[in-house]
Every structure is written in structure tokens, then in C-alpha cells.
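See structure below.
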Amino acid sequence: QVQLVESGGGLVQPGGSLRLSCVASGLTFSVYAMSWYRQAPGKERELVAAISSVGGVTNYADSVKGRFTISKDNRQSAVYLQMNSLKPEDTAVYYCNARHNIYNIYWGQGTQVTVSS
């Protein structure tokens, strides 16, 4: 019954901004590390940003540092990805991921982000 529901994807122009949301249900959100991955056509899935379950420690892929910000709200059981200064290279399907341990890993359905003129 675990479910990760993403929203906020869409079409934006280069230089624009987009905010992705992922709302979790069926799990104890506060004990999960949350992250965003993306997969572009013909490419492997890559980690974009992550935030720890305790302390809110974040890390980012080099390609998005300074442009993307991951955050979470334990009360809302939600994780967000604020994406600024978007580039065409950011075009991909973005996936929400929740991980407690090796036995408890969950994925969202993915949301399309397209950056194009």
C-alpha cells in the first residue's frame, strides 16, 4: 500500500523554473531518506538529489548543483525538488525514491520534465 505520487512536471522554456512534488503514503515518512532520480531518453537513470531522514543533509549531482534544491516536509510526508535555470539537458523523466533500508525501497511513477523553446 506504499504509494509515492508525483506532480509538477511539464513543459518549460530554457532558463525557467519548475517545482516537483512527491507525496508519500503507507509508510513512516520520517525514517526514509528521500531522493530524486531522472532518466533521459537512451540514458541510464541517475541520482539528481537526495535528503537524509535525519538532519536534512542533502547532496546533488554535479550537473544540478546551484540550480536545484531538494527539501521535505515530514508533516505533509512530501519531498520537493525546486528546479531553477533549467536547461534542455535537464529534460528527462523524474522519479521520486524512498529508502529506509535494503528491504524497503520504493519508487514513484515518474513525471516528465521537458525543457524546450
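The values are calculated or read from the model by the stated rules, or taken from the named source; none is laboratory data. Bear in mind that the values here come from a model prediction, so they are computed numbers and not experimental data. Note: ideal-geometry Cβ built from the backbone for every residue, glycine included; neighbour counts use all protein chains shown. Heavy atoms of the whole protein, side chains included, go into the accessibility calculation; ligands, DNA and RNA do not. Shrake-Rupley method; radii C 1.70, N 1.55, O 1.52, S 1.80 Å.
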* Positions within segment 1-50 being farther than 16 Å from T114 by Cβ, among the aliphatic types (A, V, I, L, M) and surrounded by fewer than 20 Cβ atoms within 10 Å (Cβ to Cβ), in sequence order -> V2, V5, V23, L27, V31, A33, L47, A50
* Going by the structure shown, is A24 small (G, A, S), under 12 Å from the mean Cα position of the chain (by Cα) and at pLDDT 95 or above? -> no
* Filter segment 55-100 for residues that are open to solvent by 60 Å² or more (accessible area, probe 1.4 Å) and at positive phi; which is farthest from the chain's Cα centre (by Cα)? -> G55
* Structure fact -> Of those in segment 101-114 that are within 13 Å of C22 (Cα to Cα) and among the hydroxyl-bearing types (S, T, Y), the residue least open to solvent (accessible area, probe 1.4 Å) is T111
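Here's the yes/no breakdown for (1) under 23 Å from S85 (Cβ atoms); (2) aliphatic (A, V, I, L, M):
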| site | (1), (2) |
| --- | --- |
| V5 | no, yes |
| G8 | yes, no |
| V12 | yes, yes |
| L27 | no, yes |
* Looking at S35, S17, which is the one that is under 10 Å from the mean Cα position of the chain (by Cα) and modelled with pLDDT of 95 or more? -> S35
